Each structure stands twice: as C-alpha cells, then as structure tokens.
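Q: Questions regarding the structure given below will be posed in turn.
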Amino acid sequence: MFDYSNIQLQYITPTWLPGTIQAAMLRLDLLHGAVSGNKWFKLQRNVAAARAQGRDHIVTFGGAYSNHLAATAAACHLSGIRCTAVVRGEAAPALSHTLQLAQAQGMHLHFVTRAQYREKEKTDWTALFPDAYIVPEGGHNAAGAEGCEEILAIRDVSAFTHIICAVGTGTTLAGLINSAGPQQQLRGYVVLKGAEYLSAEVESLLKKEHAAQWNLVHEHHGGGYAKVTPDLVAFMNQFFAETHIPLDVVYTGKLVQGFKKEVISGVFPAGSRVLLIHSGGLQGNLSLKPGILHY
Ligand SMILES: *Cc1c(COP(=O)(O)O)cnc(C)c1O
C-alpha cells in the first residue's frame with residue numbers, strides 16, 4: 001500500500017560516536033505522516049488476513065496515547081476497513097490527541113474499565129463485535145512479526161554487524177531476528193521496567209531456522225515505560241541538533257540514549273557497523289508540554 005522510497009538510511013555522526021564505529025538509522029518514521037514506523041509493518045499482514053477472511057471490521061486494543069491505535073486508525077482509514085479500539089480506562093472529559101485523531105479517521109472508541117481491559121485476552125470480543133478480526137494490543141501476533149520481516153529488505157543492510165531497536169512487545173524485534181543474516185547481532189532495548197517475560201515472548205515468535213544472534217537489554221528503560229526525565233529530553237534535543245532526526249520520548253529516545261551509553265562503555269567493538277531502527281511513534285510527543293522538545 002505504501003511505497004517505501006521515503007524511508008532513508010541515514011548515517012549519523014553525533015559527537016559521542018567514535019570514528020571507529022559507524023552508525024545509521026533506518027528512518028521508518030518517514031514512511032507516512034499518520035501510519036507510523038514499525039506499526040504499519042505489524043499491521044499489514046493483519047489487514048490482509050482480515051480481508052482474506054472476508055471481515056470488514058478490525059478490533060484492537062490500547063491506551064489513550066497508543067501509537068498502535070493511531071496507526072491502526074490510519075491504516076484502516078486508508079484501506080477502507082472499519083475499526084474499533086477497545087480503550088483502557090473510562091473516557092476522560094477531554095480525549096487525548098491520539099484518540100481525537102483516531103476518531104477523526106473513523107475509528108470507533110469503546111472504553112472499558114482498567115479491570116475489564118486486563119481481562120481482554122480472556123474476553124470473547126466477537127460476542128460484542130460479530131465477525132470482527134481481532135488484532136492483539138501492540139499488533140503482537142505472528143502476522144505482526146512476519147510483516148516486520150520486510151523492514152530489513154527496504155534497503156541493503158547486509159553490511160551492518162549490529163541491528164538495534166526499541167522493544168515494547170518484542171514483535172518487531174522477532175521479525176528483525178527472523179530476517180537478519182547469520183553474521184548479524186540484534187539488540188533490543190526494552191522500554192519497560194522489569195519486563196523479564198519478554199525473552200519468552202520474542203522466542204515464541206521466532207522461526208526455528210533463524211540464524212542471527214540476539215539479546216535484550218534491560219538497563220535503558222530510563223525509569224520505566226513512558227517515564228520522561230530532563231536528562232532524556234536534553235539528550236533528544238541535542239541529538240536533533242546534531243543529526244536533524246526527531247526521536248520520540250517513549251521508544252526511540254531511549255533506544256538512542258541506551259546506544260550512546262553502550263558506545264561509551266565499550267559494548268560495540270571498533271569496526272562495528274550499527275543499524276538503528278527508527279520505529280516512528282513521533283505522534284506520542286504531542287502529549288508533552290509545547291516547547292520541551294526543540295522540534
Ligand atoms: C510500539 C512501538 C515500539 C515497540 O514495538 P514492539 O514490536 O511492540 O516491540 C517501538 N517503537 C515505537 C516508536 C513504537 O511505537
């Protein structure tokens with residue numbers, strides 16, 4: 001549905017990167033204004049599967065600031081498919097910018113209590129939404145991971161020794177591992193605190209024949225999911241000043257900050273060529289007070 005010619009492979013030379021290490025970002029954030037980065041790759045096979053099954057309604061799940069809901073709303077709008085979001089927590093008097101935008105694209109919002117939301121995997125949503133195609137929260141399913149196998153085929157990235165990305169559910173990382181070469185090492189920077197369950201989640205989406213080495217890094221969540229510190233904001237502003245690449249506060253800001261710390265502590269040997277996946281998510285920055293970020 002999209003043409004991937006917008007997606008640049010951009011080499012970066014921030015001041016903290018030694019000349020012995022090369023780094024480039026694959027700019028999935030440039031894919032499309034509304035369907036951001038990795039979320040499109042996770043959705044595409046799900047949208048196709050819904051179509052193939054003759055279902056014209058997608059139901060999915062998320063919170064008020066969810067990049068996944070934003071992307072699903074836009075993707076369904078562009079594909080001419082109906083969609084409903086089961087949203088965590090009662091409707092606030094003022095909808096978040098994410099939900100407003102989703103609604104404006106035709107997404108129907110179905111609010112449930114936090115307790116009901118926790119039970120979402122055990123709930124039969126087709127009782128409420130007959131014939132709907134269900135996409136799990138975050139696009140976390142086998143079709144989602146398979147769609148992410150396309151990411152490394154957008155540009156020739158075979159010469160990179162390391163491929164690194166931010167990790168929420170691990171679906172994107174699983175797709176990258178399944179499609180990487182045997183000589184490539186993958187590192188997933190987990191943005192949630194105490195998310196030790198993630199290695200089993202990633203494992204469950206891996207193909208037996210995958211050859212790449214991978215690991216999860218748990219030290220760079222910066223205080224936990226969606227925690228924004230002055231340190232992170234200063235880092236992101238500095239990075240933008242040096243590279244003109246905007247990062248988001250929840251995922252890619254923490255990825256690149258984690259990468260910087262690991263570069264400084266010597267995790268990447270001289271001669272490394274590191275590919276950073278810019279997974280998009282920039283709409284989430286709208287939840288910050290204006291002026292905090294210099295872009
Ligand atoms: C959702 C999201 C992620 C996490 O992807 P997973 O496949 O759930 O690990 C990473 N980056 C951005 C910008 C996201 O919106």
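The values are calculated or read from the model by the stated rules, or taken from the named source; none is laboratory data. Worth saying up front: this structure is predicted, and the values here are computed from it rather than measured. All Cβ positions, glycine included, derive from the backbone under ideal geometry; neighbour counts span all protein chains shown. With ligands, DNA and RNA removed, areas are computed over all heavy atoms of the protein, side chains included. Shrake-Rupley method; radii C 1.70, N 1.55, O 1.52, S 1.80 Å.
Q: Local charge sum around H221 (other residues, Cβ-Cβ under 9 Å, Lys/Arg +1, Asp/Glu -1)?
A: Its environment carries a net charge of +2.
Q: Under a Cβ-only charge scheme (Lys and Arg +1, Asp and Glu -1), can you give me the dipole magnitude of the chain about the Cα centre, in debye to the nearest 20?
A: The dipole magnitude comes to about 240 debye.
Q: Can you figure out the FRET efficiency of V267 with F2, using R₀ = 30 Å and their beta-carbon distance, to the nearest 0.05?
A: 0.30
Q: For the charge dipole of the chain, defined by +1 on Lys and Arg C-beta atoms and -1 on Asp and Glu C-beta atoms about the Cα centroid, which residue among M25, Y133, Q100 has the Cα displaced farthest towards the positive pole?
A: It is Q100, whose Cα lies furthest towards the positive end.
Q: What full-extension length gain, to one decimal in nm, is calculated for D231 and A52 as 0.36 nm per residue of separation minus the Cα-Cα distance?
A: 59.7 nm
Q: Once you treat every alpha carbon in the chain as an equal point and sum by Debye, what is log10 I(q)/I(0) at q = 0.10, 0.15 Å⁻¹?
A: Calculated log10 I(q)/I(0) at the listed q: -0.52, -1.20.
Q: Okay, next question. Which of rounded, prolate, oblate describes region 39-139, given a ≥ b ≥ c as roots of the alpha-carbon gyration tensor eigenvalues and a/c under 1.5 marking rounded, otherwise prolate only if a/b is larger than b/c?
A: Taking the square roots of the gyration eigenvalues as a ≥ b ≥ c, region 39-139 is oblate.
Q: With the full set of protein chains in place, find how many percent of the accessible area of the chain is carbon and sulfur; take the probe as 1.4 Å.
A: C and S fraction of accessible area: 53 percent.
Q: Given a 1.4 angstrom probe, what's the average accessible area per residue across the chain, in square angstrom?
A: 44
Q: Take every Cα pair under 8 Å in the chain that's 6+ residues apart, average their separations, divide by the length, and report that relative contact order as a whole percent.
A: That works out to 23 percent.
Q: Exactly which GluC sites (Glu not before Pro) in region 58-134 are in a DSSP loop and have at most 16 other Cβ atoms within 10 Å?
A: Those that pass, being in a loop and sparsely packed, are E90, E119.
Q: About its Cα centre, what dipole magnitude does region 39-139 give when the only charges are +1 on Lys and Arg Cβ and -1 on Asp and Glu Cβ, stated in debye to the nearest 20?
A: Working: 11 positive and 7 negative charges, 49 e Å.
Its charge dipole is roughly 240 debye.
Q: With every protein chain in place, what's the accessible area of Y225 (1.4 Å probe, Å², nearest 10)?
A: Counting only protein heavy atoms, Y225 exposes about 110 Å² to solvent.
Q: Then there is this: Let's test the formula: R0 of 30 Å, r as the Cβ-Cβ distance of E121 and I292. What FRET efficiency results, to the nearest 0.05?
A: With R0 = 30 Å, the Cβ-Cβ based efficiency is 0.25.
Q: With runs of 4+ DSSP H residues as the only contributors, calculate the mean residue ellipticity of the chain at 222 nm using -39,500 (n - 2.57) per run, divided by the residue total and rounded to the nearest 500.
A: Details: 10 runs with 96 residues, N = 295.
That calculation yields -9500 deg cm²/dmol at 222 nm.
Q: Pull the list of the chain cysteines that no other Cys approaches to under 4.7 Å, Cβ to Cβ.
A: C148, C165
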